């Protein structure tokens, strides 16, 4: 069954001096402020499209890796995934680096790295971002 999730943003003002609010409609988890300085300079308590992509990518990758490991008979005890999304003003998103550390009883390092590479390739967010260079560091705890 297909699902659709929705968020919306209200932006006021010009790019560099304006600001906006992102509202998470589907989940109802609230609103987050967003601004150009939070995207191109320091976060200063506001989010950015890149941080939202990082959240989406780290959670999607973790789900895909958990699914793959479980399907192979080695379910994880814990996966901790970080996504670093790099934004260059004037150029755009220049890369994403995923870092995952996992606790997976009965699996060696090579098996874990292989499963992580497969998850990187096949998670829906990675596929949606296929035009971006995505790198990975994976290690067992």
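Only the coordinates and a few stated rules stand behind these numbers; no lab work does. Computed from a predicted structure; not experimentally measured. Because the Cβ atoms are built from the backbone with ideal geometry, glycine has one as well, and the counts that use them run over all protein chains shown.
Some notes on this structure:
- Beta bridges assigned by DSSP with both partners in the chain are antiparallel in approximately 75 percent of cases.
- Its DSSP H runs of at least 4 residues, each contributing -39,500 (n - 2.57), put the calculated 222 nm mean residue ellipticity of the chain at -10500 deg cm²/dmol, to the nearest 500.
- Given R0 = 30 Å, the distance between the Cβ atoms of residue 6 and residue 132 translates into a calculated FRET efficiency of 0.80.
- Principal-axis tilt of helix 109-122 within the chain, Cα atoms, nearest 10 degrees: 40 degrees
- Percent antiparallel among DSSP beta bridges (both partners in the range 75-141, rounded to 5): 60 percent
- Residue with peak Gaussian network fluctuation, the chain [Cα springs, cutoff 10 Å], from 95, 20, 45: 45
- Relative to the longest principal axis of the Cα atoms of the chain, helix 49-71 runs at roughly 20 degrees.
- Selected from 96, 53, 29 as most flexible by GNM, with the chain as the system and alpha-carbon contacts under 10 Å: 29
- Taking each residue as 0.36 nm, the span from residue 59 to residue 27 lengthens on full extension beyond its C-alpha to C-alpha distance by 10.0 nm.
- By the count of neighbouring beta-carbon atoms within 10 Å, fewest first, 39, 78 end up ordered 78, 39.
- Each of 79, 136 was scored by other Cβ atoms within 10 Å of its Cβ. Arranged with the fewest first, they read 136, 79.
- Computed over the chain, the ratio Rg/Rh where both radii use C-alpha atoms and Rh is Kirkwood: 1.04
- Each of 60, 123 was scored by other Cβ atoms within 10 Å of its Cβ. Arranged with the fewest first, they read 60, 123.
- Remark: the residue 122-residue 78 segment gains 13.8 nm on full extension, using 0.36 nm per residue and subtracting the alpha carbon distance.
- Most mobile listed residue (105, 124, 76) in the chain, GNM with C-alpha springs under 10 Å: 105
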